[in-house]
Amino acid sequence: MKGKKRVLWGTFTVLCILLCSSMTVFAAEEAEKYVPNMYATFWALIPPIVAIVLALITKEVYSSLFVGILIGGVFYSGFQFELTITHVFQDGIVGVLSDSYNVGILVFLVVLGIMVCMMNKAGGSAAFGRWASEHIKSRIGVQLATVVLGVLIFIDDYFNCLTVGSVMRPVTDKQNVSRAKLAYLIDATAAPVCIIAPISSWAAAVTGFVEGEDGFSIFIRAIPYNFYAILTIVMMITIILMKIDYGPMKLHEKNALAGDIYTTPDRPYAAAEQETEDTKGGVIDLVLPIAVLIICCVIGMIYTGGFFEGTGFVKAFSGSDASVGLMLGSFFAFVITVIFYAIRKVLTFSESMAAIPEGFKAMVPAILILTFAWTLKAMTDSLGAADYVAAVMKHAAGGLMSLLPAIIFLVGCFLAFATGTSWGTFGILIPIVVAVFAGTNEQMMIMSISACMAGAVCGDHCSPISDTTIMASAGAQCNHVNHVSTQLPYAITVAAVSFVSYVIAGFVRNPFICLPISIVLMVGTLLVIRLMVGKE
């Protein structure tokens with residue numbers, strides 16, 4: 001018995017020693033946290049730049065993103081093979097797929113794909129296409145309808161991209177609008193509209209970054225200075241009404257008029273395009289599920305913000321978790337849609353369940369690109385890209401006060417373009433702006449915050465690794481590189497006019513003077529482009 005006690009006490013003592021030693025090692029590791037040699041240097045921006053350039057040159061997005069990820073892993077590890085592999089796969093791919101927010105977005109994406117598949121099987125999409133072709137009889141009409149629907153669905157950019165795409169795709173196809181043009185209209189009414197909508201997930205994100213101030217009132221006052229978002233809407237309407245197309249988009253639109261809405265041979269979302277013409281489905285089978293989806297997603301978002309626990313609607317929306325809200329909302333919309341179709345006898349329960357794997361398969365390209373894009377962002381974060389840009393920004397804040405909004409706009413564009421995240425750009429730049437101007441120059445603070453938002457949306461709009469750009473490609477079922485290459489000249493045009501507008505705003509500092517001037521500049525620029533394209 002004593003021998004057994006000795007063994008037990010001995011084992012206990014050894015375990016205690018091992019525990020203490022492991023805690024010591026853990027503490028030592030924490031004290032000597034690994035910092036790569038290239039941390040917070042310009043090299044931190046090289047991986048996304050390489051990925052973007054490769055994607056535009058090779059027209060192949062998966063390998064381009066993966067090469068960027070590998071370069072990020074190599075820079076982080078200091079060219080050590082083992083650390084490169086573990087960082088890329090364990091910290092990168094597994095890390096982003098373990099993040100609850102990212103998983104929520106992927107679930108939402110899959111459920112949207114399933115619902116689109118169900119609407120096609122039920123004949124709702126085909127019925128809406130027939131109805132729209134009877135009532136909207138021109139290419140201008142369907143493009144304007146796409147813009148209007150995009151503006152109306154201002155709650156969230158992910159939701160906007162996939163919903164507008166699923167509703168308008170059959171309609172624009174019948175009027176021979178290219179998939180690249182549809183993707184541009186979807187993308188241009190996603191982030192640019194959300195960033196000037198007070199009740200949206202984007203407004204919630206921005207107000208959360210304005211610490212120590214009334215974030216919501218500042219957001220409202222910053223809207224007239226958000227030149228990029230407002231001018232993007234002006235540009236869309238102008239190019240539609242005046243039939244202005246230039247750059248690679250001109251070729252896509254020319255081919256669409258001849259009957260080829262894709263231009264390139266690949267069909268990345270072909271599995272989602274099968275529609276059933278011979279069904280009992282009607283327009284209600286598309287409209288009602290979309291309406292239910294909108295209502296459920298709004299309820300889901302305010303639920304996560306504590307609305308049902310007594311929090312006000314606006315505060316609940318601004319404090320909502322978009323990932324959880326959209327995931328819950330889309331799930332309940334899916335359940336209601338299954339029941340609705342069963343009652344109407346357009347789809348049996350087994351047919352609705354058969355749409356689940358088909359809808360999932362249709363969204364695989366978007367899921368792959370999103371996963372790689374998130375992993376690339378994780379690589380740039382581990383290399384301290386945000387700290388590097390913040391340091392550059394603080395250094396630039398000292399002089400040229402009147403030009404600061406324009407400088408902030410350019411920095412926001414570059415950072416969001418390189419990292420593919422506008423929210424991350426808000427998180428970096430807005431606290432710096434608040435720290436520089438809070439309590440000293442409120443007007444300049446509002447202009448600079450608006451420049452942060454505009455620059456972030458501009459970079460996000462242009463970047464091929466942006467999740468919103470990827471969602472727009474998925475919503476339009478367009479080749480992703482086609483969407484990026486055709487959209488880039490349009491976005492750069494608006495960015496150039498926005499930059500000039502911020503230079504003017506830095507000196508004038510009155511939105512009621514600056515905004516009309518910027519709109520006139522935008523329309524004038526497009527008229528000049530029209531003349532130049534006409535000469536060609």
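The values are calculated or read from the model by the stated rules, or taken from the named source; none is laboratory data. Just so we're clear, the structure is a prediction, and the values are computed from it rather than from any experiment. Here the Cβ positions follow ideal geometry from the backbone for every residue, glycine too, while neighbour counts run over all protein chains shown. For the accessible areas, the whole protein counts, side chains as well, though only heavy atoms, and no ligand, DNA or RNA atoms are used. Shrake-Rupley method; radii C 1.70, N 1.55, O 1.52, S 1.80 Å.
For the reader, a short list of remarks on this structure follows.
- Extreme residue, farthest from the chain's Cα centre (by Cα), among residues of segment 264-293 that are open to solvent by 50 Å² or more (accessible area, probe 1.4 Å) and modelled with pLDDT of 75 or more: Ile284
- Of everything listed in (1) under 22 Å from Leu257 (Cβ atoms); (2) out of contact with any Leu (no Cβ under 8 Å at 6 or more places or on another chain), the single unmet condition for Ala126 is (1).
- The condition (being open to solvent by less than 30 Å² (accessible area, probe 1.4 Å) and of a type in the set (A, V, I, L, M, F, W, C)) is satisfied by just one residue among Leu70, Leu83, Leu45, Leu54: Leu45.
- Options Ala355, Ala342, Ala316, Ala333: the member that is surrounded by fewer than 20 Cβ atoms within 10 Å (Cβ to Cβ) and either assigned to a helix (DSSP H, G or I) or at pLDDT 90 or above (or both): Ala342
- Residues satisfying the stated conditions in segment 499-532, i.e. open to solvent by 40 Å² or more (accessible area, probe 1.4 Å) and of a type outside the set (A, V, I, L, M): Phe499, Phe507, Arg509, Asn510, Phe512, Pro516, Thr525, Arg530
- Set Lys243, Lys254, Lys250: member being open to solvent by 50 Å² or more (accessible area, probe 1.4 Å), in a loop (DSSP other than H, G, I, E, B) and modelled with pLDDT of 90 or more: Lys243
- Being open to solvent by less than 20 Å² (accessible area, probe 1.4 Å), farther than 20 Å from Thr232 by Cβ and not hydrophobic (A, V, I, L, M, F, W, C) is a condition met by no residue of segment 453-470.
- Picking from residues in segment 128-148 that are at pLDDT below 85 and open to solvent by 10 Å² or more (accessible area, probe 1.4 Å), the one that is nearest to the chain's Cα centre (by Cα) is Phe128.
- Ser450 surrounded by 23 or more Cβ atoms within 10 Å (Cβ to Cβ), within 23 Å of Pro248 (Cα to Cα) and within 25 Å of the chain's Cα centre (by Cα): no
- Being without any contact (Cβ under 8 Å) to a residue 24 or more places away in the chain and surrounded by fewer than 24 Cβ atoms within 10 Å (Cβ to Cβ) is a property that Ser98 has.
- In this structure, Ile220 does not satisfy being modelled with pLDDT of 85 or more, surrounded by fewer than 19 Cβ atoms within 10 Å (Cβ to Cβ) and part of a helix (DSSP H, G or I).
- Within segment 14-127, helices (runs of 4 or more DSSP H) holding 1 or more residues that are at pLDDT below 75: 46-58, 61-77
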